[in-house]
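Visitor: Mind looking over this structure? Questions follow.
The values are calculated or read from the model by the stated rules, or taken from the named source; none is laboratory data. These numbers were taken from a predicted model, which means no experiment stands behind them. Because the Cβ atoms are built from the backbone with ideal geometry, glycine has one as well, and the counts that use them run over all protein chains shown.
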């Protein structure tokens, strides 16, 4: 499994990767931060982008998160 540092920008017009760096991503998500909606959208978006399973390892209540993904494709 591989981990990435993510900086999330909620309430964006669309979900997209804003910036890529060495070991980190800035990601805009088209969901509000309340009731875990932004986290769910982040997982959905990154799973689609990476074509693999993604989970938030730490930072559930923060804009800064550590995301873990498996280097194998999954069925979505």
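Visitor: Residue under question is residue 30, and the condition is that it be modelled with pLDDT of 95 or more and in contact with a helix residue (DSSP H, G or I) (Cβ under 8 Å, 6 or more places away or on another chain); does it hold? Steps first, answer last, please.
Guide: Details: modelled with pLDDT of 95 or more: yes; in contact with a helix residue (DSSP H, G or I) (Cβ under 8 Å, 6 or more places away or on another chain): yes.
So residue 30 fits the description; yes.
Visitor: Okay, moving on. Of these, 14, 35, which one is modelled with pLDDT under 95, more than 12 Å from the chain's Cα centre (by Cα) and surrounded by fewer than 13 Cβ atoms within 10 Å (Cβ to Cβ)?
Guide: Details: 14 fails: modelled with pLDDT under 95.
After ruling out the rest, the residue left standing is 35.
Visitor: Checking residue 25 against (1) assigned to a strand (DSSP E or B); (2) at pLDDT 95 or above: exactly one of these is not met. Which one?
Guide: (2)
Visitor: Residues in the range 56-76 that are modelled with pLDDT of 90 or more, surrounded by fewer than 13 Cβ atoms within 10 Å (Cβ to Cβ) and in contact with a helix residue (DSSP H, G or I) (Cβ under 7 Å, 6 or more places away or on another chain): how many?
Guide: Qualifying residue count for the region: 1.
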